[in-house]
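Worksheet for the structure shown next.
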Amino acid sequence: MSPLPIISLILLLACGSNSPSAAAQLSSFSAADSPWLPSQNRTLVSPNRTFAAGFRKPSSASRFFIFAIWVEASSDKTIVWSLGGEVESSSSLAISSSGFLSLNYSSGHNLWADVSATSNASQLILKDEGELTFGNWGSFAFPTTTILPNQEVNGNGTTLRSGNFQFVNASTLVFNGTDIIRSVPLAAIRNLTSDGQLMLMDGSSLIASDMGKKVLRRLTLDSDGNLRIYSLQPSTKTWVVVWQLVRELCSIHGTCGTNAICVPVGANGTKCVCPPGYRNVINTNSCELKQRFLPNNSMFLRLDFVSFSDEESNTIDLSPRNLDDCKSKCMDNSSCIGFSYTFNGQRNCIAYSSHLADGYWSPGSETAMFIRVASSEKDRPSFTGMSSIMETVCPVRISLPFPPKESKTTLRNVAIITTLFALELLAGVLSFWAFLRKYSKYRDMARTLGMEYMPNGGPKRFSYAELKAATNDFSNVVGLGGYGVVYKGELSDRRVIAVKRLKNIGGGEAEFWAEVTTIARMHHLNLVRLWGFCAEKEQRMLVYEYVPNGSLDKYLFSPFTTADQSSGDDKVVDDPSKELIPQRPLLDWNIRYRIALGVARAIAYLHEECLEWVLHCDIKPENILLEDDYCPKVSDFGLSKLTTKKDKVTMSRIRGTRGYMAPEWVIQREPITAKADVYSFGVVLLELVSGTRSSVFQRSSLESEDWYMPKWAFEKVYYEKRIEDILDRHILDSYDNRAHFELVDRMVKTAIWCLQDRAELRPSMGKVAKMLEGTVEITEPGKPTIFCVS
């Protein structure tokens, strides 16, 4: 080979080794490494490889660079700190021999002014905690948008900035430098700990939802003006929100433009909509009036739960006598474009003169906004209150035609109609009499042959004599109910049974056969087994397996003393196999969780795994029985309804138990679906955790605004982060946050999902069981808003 190709190959390899695509990672940057140009593919990395620093473009289209620190371990290389100011590609980072650090604009201005170090410490180093240091200077003292774990915060001087928003003195969110949005509860922030606690200056703390997990977290002021804690998921290397300061994102000023209304979308989204009579200004989040109005040719459109900013330069306090007076004062003012009225009994009326700013919708608001538009405006408001939504009676106008004039044929027509009616009535009576004769004949035959109502492959048919002998002539009473008495007995094969002897079956014949045909087809660990029945003359009895520990309500709500036994408070109502229990033992948290999961699986089996769709319609603690090992069994299918899975169910009368019935069934009387059982299960789930009946909770807290138990539980979990306030006080001492928090947290959050006021928002029972098992992620539900009806 000639020398020329060899020399060319050596030069090619030398050039390739210096290619900018080959990234250089530095553990430190010193004067010997200077200068550092943005075009050089260099990064300064921390020893644990979690953080990196170097030049980054603010956006892909920008021709400028910033010097920043980012999380190398995240998929999006999230920036957590940056040096103020942008530089061109010709700028360079350098350390002089005398120990001065510099990064110059093209004009010569040093972004790192007055930062120097002694010659033996003049190195730029990125620590494992994410702090960039040079001598005595450290980036933790000059945060931009983010606070990292264990970064000390100076409460009187630390300010985070993001767009038009600032988090001033580590305590207050501010918009445009003066408009205060929200303050941190209690005191200023001191630091974010590595285990997920936001420590405050007064020693208290705010807790992230995943506190205790060993993950990287950051506290960031986002561009939408909200302060959030993010956790880095090791498996996906993505960030999830585990805490945020402002729950209602629309209450952050500046989210929408002039005259627009901010509406929440999901848990962390918003959208800007225009009020009726307004249209969107192209390429903005602002709105403008569609058509101008004259003072004597205008009207008001009411927007419930809508509020706008009451800045002094744009509003006037009208101080009216009532709502009509407030409306008249605004109508008489030609510059008034609308007014807000707060329905709190204090006659608060604010008139707006030039524009509407920072509008947002919130169901927690007591304010209604009245927008002034032209009388010819065709738009109608979509922001309506609960009173309008729950309107169920529609006015109907009926017009009847005038009767025809009297004619000579009237008497003849009346005679013909009367004769035909009499003949039809006679034919109907004769047909009904013939039917009764045949029915009585075949009914007697069926009773004789023992085939009455007997389903194919159904339970055993017992004779009256067999059950009388098994129950010792019906002497051992273990329960009383609305349908009859429950007796304990023993069959000849030594099986212990519970016999429900029904009374007054005349009107409840359908319920009797519904329970027989329904339970006979059900085979599940957590459903009570029906072994047989008796249908002999007027006697109607159901034979169940005996469940020794009785019903769940005795373990949740009964008092601890034995004095109640004599007073009759421990009598079991309307359930088989419920004995009088003189004193209830305590159910620990693991048993309560196992009971909740077993009941959820049983109801999911009824809804989703049966050939026919079964609705229980009366889920409550009295209908949940406990075995010796406290394994739950759902009982009492007397109120069940069977239908195909595509149909809805319409009840001719309200059935079930007050306090456990879904709002769409009680209030609106709509056809119900399986979501009615989901709501009842949600009530039972809350009672399992709290040890208190929801109805008793309402009566004892009637003077409080938190009288509705699901709303109270929601605020304790998602606002106050004090789930221990919900727990049963009788076993609160046994609650271990490390051992029981995950179980109880899943139970409470699942219950709140089940108690959503709109049926379509509730999960199916199959998904409820998976939420309790922990195989499905539980997102934040909406706050329950419909109160119980007495």
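The values are calculated or read from the model by the stated rules, or taken from the named source; none is laboratory data. Since the model is a prediction, treat every value here as computed from it, not as a measurement. Heads up, the Cβs are rebuilt from the backbone with ideal geometry, glycines too, and the neighbour counts pull from every protein chain shown.
Kindly indicate whether any position in segment 543-551 is assigned to a helix (DSSP H, G or I), surrounded by fewer than 16 Cβ atoms within 10 Å (Cβ to Cβ) and modelled with pLDDT of 80 or more.
Filtering segment 543-551 down to residues assigned to a helix (DSSP H, G or I) leaves none.
For segment 543-551, residues assigned to a helix (DSSP H, G or I), surrounded by fewer than 16 Cβ atoms within 10 Å (Cβ to Cβ) and modelled with pLDDT of 80 or more: absent.
Is one or more of the residues making up segment 655-671 in contact with a Leu (Cβ under 8 Å, 6 or more places away or on another chain) and modelled with pLDDT of 85 or more? So that I can check it myself, show each step before the final result.
Quick first cut of segment 655-671, residues in contact with a Leu (Cβ under 8 Å, 6 or more places away or on another chain) only: 655-656.
So of that shortlist, the ones also modelled with pLDDT of 85 or more come out as none.
Scanning segment 655-671, I find no residue that is in contact with a Leu (Cβ under 8 Å, 6 or more places away or on another chain) and modelled with pLDDT of 85 or more, so the answer is no.
List the residue pairs whose Cβ atoms are under 7 Å apart, where the first residue sits in segment 749-761 and is in contact (Cβ under 8 Å) with a residue 60 or more places away in the chain and outside any loop (DSSP other than H, G, I, E, B), the second is buried (at least 24 other Cβ atoms within 10 Å of the Cβ) and of a type in the set (D, E, K, R), and the two are 6 or more positions apart or on different chains.
Qualifying pairs under 7 Å: 753/762; 754/762.
Within segment 229-256, can you find the residues that are assigned to a loop (DSSP other than H, G, I, E, B), surrounded by 17 or more Cβ atoms within 10 Å (Cβ to Cβ) and over 21 Å from the mean Cα position of the chain (by Cα)?
252, 253, 254, 255, 256
Are any residues in segment 140-167 buried (at least 18 other Cβ atoms within 10 Å of the Cβ) and assigned to a strand (DSSP E or B), and if so, which ones?
146, 147, 160, 162, 165, 166, 167
Out of (1) at pLDDT 75 or above; (2) surrounded by fewer than 16 Cβ atoms within 10 Å (Cβ to Cβ); (3) under 30 Å from residue 255 (Cβ atoms), what's the single condition that is false for residue 387?
With (1) at pLDDT 75 or above; (2) surrounded by fewer than 16 Cβ atoms within 10 Å (Cβ to Cβ); (3) under 30 Å from residue 255 (Cβ atoms) applied to residue 387, the lone miss is (1).
The rows are residues; the columns are (1) farther than 24 Å from residue 70 by Cβ; (2) of a type in the set (D, E, K, R).
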site: 96; (1), (2): yes, no
site: 146; (1), (2): no, no
site: 157; (1), (2): yes, no
site: 170; (1), (2): no, no
site: 176; (1), (2): yes, no
site: 179; (1), (2): yes, yes
site: 191; (1), (2): no, no
site: 201; (1), (2): yes, no
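Out of 23, 14, I need the residue that is within 48 Å of the chain's Cα centre (by Cα) and either modelled with pLDDT under 90 or on the phi > 0 side of the Ramachandran plot (or both). Which one? Give the steps one after another, and end with the answer.
On the way: 14 fails: within 48 Å of the chain's Cα centre (by Cα).
Criteria check complete, one pass: 23.
For segment 293-321, what are the residues that are among the small types (Gly, Ala, Ser) and over 27 Å from residue 175 (Cβ atoms)? Steps first, please.
Taking segment 293-321 first, the residues among the small types (Gly, Ala, Ser) are 298, 307, 309, 313, 319.
Once the filter is applied, which keeps residues that are among the small types (Gly, Ala, Ser) and over 27 Å from residue 175 (Cβ atoms), segment 293-321 yields 298, 319.
If a residue has to be aromatic (Phe, Trp, Tyr), out of contact with any Ser or Thr (no Cβ under 7 Å at 6 or more places or on another chain) and modelled with pLDDT under 90 to count, how many in segment 674-713 make the cut? Give the steps one after another, and end with the answer.
Pass one, segment 674-713, residues aromatic (Phe, Trp, Tyr): 679, 681, 697, 707-708, 712.
Subsequent filtering for residues that are out of contact with any Ser or Thr (no Cβ under 7 Å at 6 or more places or on another chain) retains 679, 681, 697, 708, 712.
Restricting the remaining residues to those that are modelled with pLDDT under 90 gives 697, 708, 712.
Number satisfying all stated conditions: 3.
Take the conditions surrounded by fewer than 18 Cβ atoms within 10 Å (Cβ to Cβ), under 38 Å from the mean Cα position of the chain (by Cα) and closer than 15 Å to residue 260 by Cα and apply them to residue 337. Does it pass? Give the steps one after another, and end with the answer.
Values: surrounded by fewer than 18 Cβ atoms within 10 Å (Cβ to Cβ): no; under 38 Å from the mean Cα position of the chain (by Cα): yes; closer than 15 Å to residue 260 by Cα: yes.
No.
Please go through (1) basic (Lys, Arg); (2) within 19 Å of residue 684 (Cα to Cα); (3) surrounded by fewer than 21 Cβ atoms within 10 Å (Cβ to Cβ); (4) in contact (Cβ under 8 Å) with a residue 24 or more places away in the chain for residue 721 and return the number of the only condition it doesn't satisfy.
In the conditions (1) basic (Lys, Arg); (2) within 19 Å of residue 684 (Cα to Cα); (3) surrounded by fewer than 21 Cβ atoms within 10 Å (Cβ to Cβ); (4) in contact (Cβ under 8 Å) with a residue 24 or more places away in the chain, residue 721 misses (2) alone.
Right, residue 362: under 26 Å from residue 179 (Cα atoms) and modelled with pLDDT of 90 or more or not? I'd like the intermediate steps shown before the answer.
Details: under 26 Å from residue 179 (Cα atoms): yes; modelled with pLDDT of 90 or more: no.
Taking the combined requirement at face value, the residue does not satisfy it.
Given the residues 510, 535, 514, which is the only one that is modelled with pLDDT under 90 and assigned to a strand (DSSP E or B)?
Working: 510 fails: assigned to a strand (DSSP E or B); 514 fails: assigned to a strand (DSSP E or B).
Checking each option against the conditions leaves just 535.
Check every one of the strands (runs of 3 or more DSSP E) wholly within segment 40-136 and list those with 2 or more residues that are more than 50 Å from the chain's Cα centre (by Cα).
Details: elements: 42-45, 51-56, 66-71, 79-82, 93-95, 101-103, 124-126, 132-134.
Where strands (runs of 3 or more DSSP E) fall fully within segment 40-136 and carry at least 2 residues being more than 50 Å from the chain's Cα centre (by Cα), they are 93-95, 101-103.
Name every residue in segment 170-200 that is touching a residue at least 12 places away in the same chain (Cβ under 8 Å) and either touching a helix residue (DSSP H, G or I) at 6+ places or on another chain (Cβ under 8 Å) or of a type in the set (Gly, Ala, Ser) (or both), in order of residue number.
If we filter segment 170-200 for residues that are touching a residue at least 12 places away in the same chain (Cβ under 8 Å), which is where we start, we get 170-173, 175-176, 179, 181-198, 200.
Correct list: 170, 171, 181, 182, 183, 187, 188, 194, 196.
Do we have any residue at all in segment 490-505 that's of a type in the set (Ser, Thr, Tyr), surrounded by 18 or more Cβ atoms within 10 Å (Cβ to Cβ) and modelled with pLDDT of 85 or more? Before the answer, list the steps.
Residues of segment 490-505 of a type in the set (Ser, Thr, Tyr): 492.
Add one more test, that the residue is surrounded by 18 or more Cβ atoms within 10 Å (Cβ to Cβ), and what stays is none.
Taking every residue of segment 490-505 in turn, none turns out to be of a type in the set (Ser, Thr, Tyr), surrounded by 18 or more Cβ atoms within 10 Å (Cβ to Cβ) and modelled with pLDDT of 85 or more.
When the residues of segment 171-193 are narrowed to those that are at pLDDT 85 or above and assigned to a loop (DSSP other than H, G, I, E, B), which ends up nearest to residue 209 (Cα to Cα)?
193
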